[in-house]
1. Go through the range 42-70 and give me each residue that's on the phi > 0 side of the Ramachandran plot and free of Cβ contacts under 8 Å to residues at least 12 places away in the same chain.
2. Take the residues of the range 15-44 that are away from the ligand (no atom under 16 Å from the Cβ) and surrounded by 17 or more Cβ atoms within 10 Å (Cβ to Cβ): which is nearest to Asn131 (Cα to Cα)?
3. Filter the range 358-371 down to the residues that are surrounded by 15 or more Cβ atoms within 10 Å (Cβ to Cβ), in a loop (DSSP other than H, G, I, E, B) and on the phi < 0 side of the Ramachandran plot and list them by number.
4. Could you pull out the residue among Leu48, Leu68 that is at pLDDT 95 or above and either more than 21 Å from Asp165 (Cα to Cα) or surrounded by fewer than 18 Cβ atoms within 10 Å (Cβ to Cβ) (or both)?
5. Could we say that Ser196 is assigned by TED's automatic domain parsing to the domain that holds Ile11, assigned to a helix (DSSP H, G or I) and touching an Asp or Glu at 6+ places or on another chain (Cβ under 8 Å) here?
6. I'm told Glu388 meets every condition in (1) surrounded by fewer than 20 Cβ atoms within 10 Å (Cβ to Cβ); (2) in contact (Cβ under 8 Å) with a residue 40 or more places away in the chain; (3) more than 23 Å from Asn277 (Cβ to Cβ) except one. Can you identify the failing condition by its number?
7. Here is a list of conditions, (1) on the phi > 0 side of the Ramachandran plot; (2) more than 16 Å from the ligand (Cβ to nearest atom); (3) not hydrophobic (A, V, I, L, M, F, W, C), and Arg230 meets all of them except one; can you say which number that is?
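The values are calculated or read from the model by the stated rules, or taken from the named source; none is laboratory data. What you are looking at is a predicted structure, and each value in this text was computed from that prediction instead of being measured. For neighbour counting, all protein chains shown are included, and Cβ atoms are generated from backbone atoms with ideal geometry for every residue, glycine included.
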Amino acid sequence: MYKLKEISDKIFYVGVNDRQKSLFENMWPLPYGVSYNSYLIVDEKIVLVDTVDVCYSDIFLKKIADALNGRKLDYLIIDHMEPDHAGSIRLLRQQYPDVQLVGNKYTFGMLEGFHGITRGLYEVKEGDTLNIGRHQLSFYMAPMVHWPEVMVTYDATDKILFSADAFGTYGTLDGGVIDSEMNVEHYWEEMIRYYSNIVGKYGNPVQRLLHKLSAFDIQTICSTHGPVWREHKQKAIEIYDRLSRYEGEDGVVIAYGSMYGNTEQMAEAIASALAENGVRNIVIHDVSKSPASYILKDIFKYKGLIIGSPTYCNSLFPEVESLLSKIEIREVKNRLFGYFGSFSWAGTAVKRLAAFGEKMKWETVGTPVEQKQALKADKYEACRALGEAMAKQLINE
Ligand code: FEO
């Protein structure tokens, strides 16, 4: 019944869209959904590359049964064990008890832990090949992109990289599967958000993988999320390269917390000075309203970061503290950092922000501003001076 999209000669897309989940990993908003991609290679042997979230196993298994048309499934390549891709392995095994599960020793530890599966395993190591007829597949380890067991699979015949999460993005596949057959503009921001939320901590492992892949002739990238990259594969690679080097574009994120608008007025003063001094990309996030997912996306995107917080219970505003924790976990590097804050009777926030910037080894730009209670003329000017200093530093760089 299913008309499956053929990615390349006898390689079919058998993934699914998830339009129902509102939070990926139960944390990150999915306004445009997400796809779980899986690919079936029909050759002398039939090989499936990854499965899908267990919530979609029913439709997934029907697609595979259609494509097999009575033939047997020989291998399942497990590039990644996170349940959004590995969730249907146990059900797949129940349906195809003889399928060999291809993975590395780390895969198999997790396979037993998540699914209790210990037999029918086909272990591969770095550079091993699997000849399935016309296609010759080889396997390369990609630890921490984004779990330790991750590997990628390269089809030397059609020059296709099955890249696991690498080059993935949020967003469902709305009819089309291959990038050259759809308008992909809306995926780029979602790719940055996906990267910053999910892969952001692992810049060095991503760089190591990119270095390894540079030796291969890759014409098509089949990620586990989002479009198949062919026409725009270079752009996808460049985005992952830039983000994993923590290289920000020209622009400034102002992320602030504010209970009664006093810290917010400081943010407004800083932003107006940034604009007057030539900064065109200015994003202001009220941390109580913007989901951290989007704030992280912009922090990964832009070079400048200015954080403001009131003092709350002799500490930072809790939502600001939570944001700092998410930034620190991701080890975001090379940001131009400014900070400001307010207090009613005893100031702590600005000291805490100073310590945070030092811990992150970021360059502090301008003079931090701390105001007591309502905004006064001298502090207003100090905020503008902070914005001007940031603008000049950005232009200098
Ligand atoms: Fe899409 Fe790390 O799983």
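1. First, pick out the residues of the range 42-70 that are on the phi > 0 side of the Ramachandran plot: 50, 69-70.
Hits for the range 42-70 are Asn69, Gly70.
2. Per the criteria, the residue is Asp43.
3. Start the filter on the range 358-371 by keeping residues that are surrounded by 15 or more Cβ atoms within 10 Å (Cβ to Cβ), which leaves 360, 362, 364-366, 368-371.
If we keep only those that are in a loop (DSSP other than H, G, I, E, B) as well, we get 360, 362, 365-366, 368.
Those that are surrounded by 15 or more Cβ atoms within 10 Å (Cβ to Cβ), in a loop (DSSP other than H, G, I, E, B) and on the phi < 0 side of the Ramachandran plot: Met360, Trp362, Val365, Pro368.
4. Numbers: Leu48 fails: either more than 21 Å from Asp165 (Cα to Cα) or surrounded by fewer than 18 Cβ atoms within 10 Å (Cβ to Cβ) (or both).
Sole residue among the options that is at pLDDT 95 or above and either more than 21 Å from Asp165 (Cα to Cα) or surrounded by fewer than 18 Cβ atoms within 10 Å (Cβ to Cβ) (or both): Leu68.
5. On the way: assigned by TED's automatic domain parsing to the domain that holds Ile11: yes; assigned to a helix (DSSP H, G or I): yes; touching an Asp or Glu at 6+ places or on another chain (Cβ under 8 Å): no.
No; evaluated as a whole, the condition is false for this residue.
6. Unmet condition: (3).
7. With (1) on the phi > 0 side of the Ramachandran plot; (2) more than 16 Å from the ligand (Cβ to nearest atom); (3) not hydrophobic (A, V, I, L, M, F, W, C) applied to Arg230, the lone miss is (1).
For (1) under 28 Å from the mean Cα position of the chain (by Cα); (2) surrounded by fewer than 23 Cβ atoms within 10 Å (Cβ to Cβ); (3) modelled with pLDDT under 95, each residue gets a yes or a no:
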{"residue": "Gly304", "(1), (2), (3)": "yes, no, no"}
{"residue": "Ser315", "(1), (2), (3)": "no, yes, no"}
{"residue": "Val320", "(1), (2), (3)": "yes, no, no"}
{"residue": "Ile329", "(1), (2), (3)": "yes, yes, no"}
{"residue": "Gly341", "(1), (2), (3)": "no, no, no"}
{"residue": "Ala349", "(1), (2), (3)": "no, no, no"}
{"residue": "Phe356", "(1), (2), (3)": "yes, yes, no"}
